[in-house]
Every structure is written in structure tokens, then in C-alpha cells.
Amino acid sequence: MVQITYIEASGAIRQIEAQIGHTVMETAVKNDVSGILAECGGACACATCKVYVDDGWRGKTGDAQDMEREMLEFSDETNPAARLSCQMQVTEELDGLIVRVPASQQ
């Protein structure tokens, strides 16, 4: 198991054990993290699972691929730390990952 810290828009800090092979979004949804809507269920089709990856973790989570970048652009996202949590698979290297949930998923 890997620990992921979600910082909700309210400032609430949720430290959650994530299963390797799941996504950061699946972990959030299963644990009722506030603000992760995941309307498309993880198909990279809605951008309602957006998170901001803490600066110290951006190298380990990698860059968004073309489809994800397009969804982020469609949602008018300009923050370089933005990622769709459905596109980040939990690996051992992400143990300790910190992500922030935006106030809005628009």
C-alpha cells in the first residue's frame, strides 16, 4: 500500500492508503475525498477529477499525455501542476504523494 495525501479545498487533509495499480482518482472516490467528482468514471473525458500535484512530486508523477492535456485545456486549466487524477496510476514511487483538490472542477 502507498500513502497519498489529499488536501481538500476546505483545507482538510486526508491521508489515505492507496492500492498499487489503482489510480489517484479511484482512491479518492473510494474514500469520499471532497471535490473529486469523476463524472466520466476515469475515462479521461470530463476533467472533473483535477488535482494539483505538489511541486516536490511533479517529477515522479510525470507529464500529462496528449489526451489529458487536451482535457485540461478544454477546462481552461493553466496551472502547470494540474493533472487529471484518473490518469495517474498508483505505484510504489508515489508513496507520500501530495495533491491538492481545487475549489471547483470547472
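The values are calculated or read from the model by the stated rules, or taken from the named source; none is laboratory data. These figures come from a predicted structure and were not determined experimentally. Just so you know, the surface numbers come from the protein's heavy atoms only, side chains and all, with ligands and any DNA or RNA stripped out. Shrake-Rupley method; radii C 1.70, N 1.55, O 1.52, S 1.80 Å.
Observations on the model:
- Rg/Rh for the chain, where both radii come from Cα atoms and Rh is the Kirkwood radius: 0.91
- Heavy-atom accessible surface of the chain: percent carbon and sulfur, 1.4 Å: 45 percent
- Percent of C-alpha pairs per 5 Å bin in the stretch 53-106, short distances first: 4, 18, 32, 25, 16, 5, 0.
- DSSP bridge pairs, the chain: antiparallel proportion in percent, nearest 5: 75 percent
- Per residue, in Å², the accessible surface of the chain once ligands and nucleic acids are set aside, probe 1.4 Å: 54 Å²
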